[in-house]
Amino acid sequence: MNRFERFSASGEAEVRYLDGDFRVVRPGTFVRCAVTGQPIPLDELRYWSVDLQEAYATPQAVLARMHPSRVRPA
């Protein structure tokens, strides 16, 4: 399975993050952002860490995880 295939299962998916792609281990419709906890539909998943095996909802979430000292307080 890859990110372009549709899944019939609902709920949170278990995903293995690879370089430039991901593999669904347990079918579902979304994963959670490791920083915000926000659900990310699999067809909208764009940001993840292969080393940490985490998904991120936005580029700002990636920055917050990888370089917390660079994130400006709101």
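The values are calculated or read from the model by the stated rules, or taken from the named source; none is laboratory data. All values reported here derive from a predicted model rather than from experimental measurement. Here the Cβ is made from the backbone with ideal geometry for all residues, glycine too, and neighbour counts use every protein chain on show.
Matching residues to (1) on the phi > 0 side of the Ramachandran plot; (2) assigned to a strand (DSSP E or B); (3) within 11 Å of the chain's Cα centre (by Cα); (4) at pLDDT below 95:
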| position | (1), (2), (3), (4) |
| --- | --- |
| Ala9 | no, no, no, yes |
| Val24 | no, yes, no, no |
| Ala55 | no, yes, yes, no |
| Ala61 | no, no, yes, no |
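Listed by first and then second residue, the pairs with beta-carbon distance under 6 Å, at least 6 apart or on different chains, first residue in region 17-37 and within 12 Å of Glu54 (Cα to Cα), second surrounded by fewer than 16 Cβ atoms within 10 Å (Cβ to Cβ) and among the β-branched types (Val, Ile, Thr), are Tyr17/Val50. Only one of the numbered conditions (1) small (Gly, Ala, Ser); (2) surrounded by 12 or more Cβ atoms within 10 Å (Cβ to Cβ); (3) not in a loop (DSSP other than H, G, I, E, B) is violated by Gly28, and that is (3).
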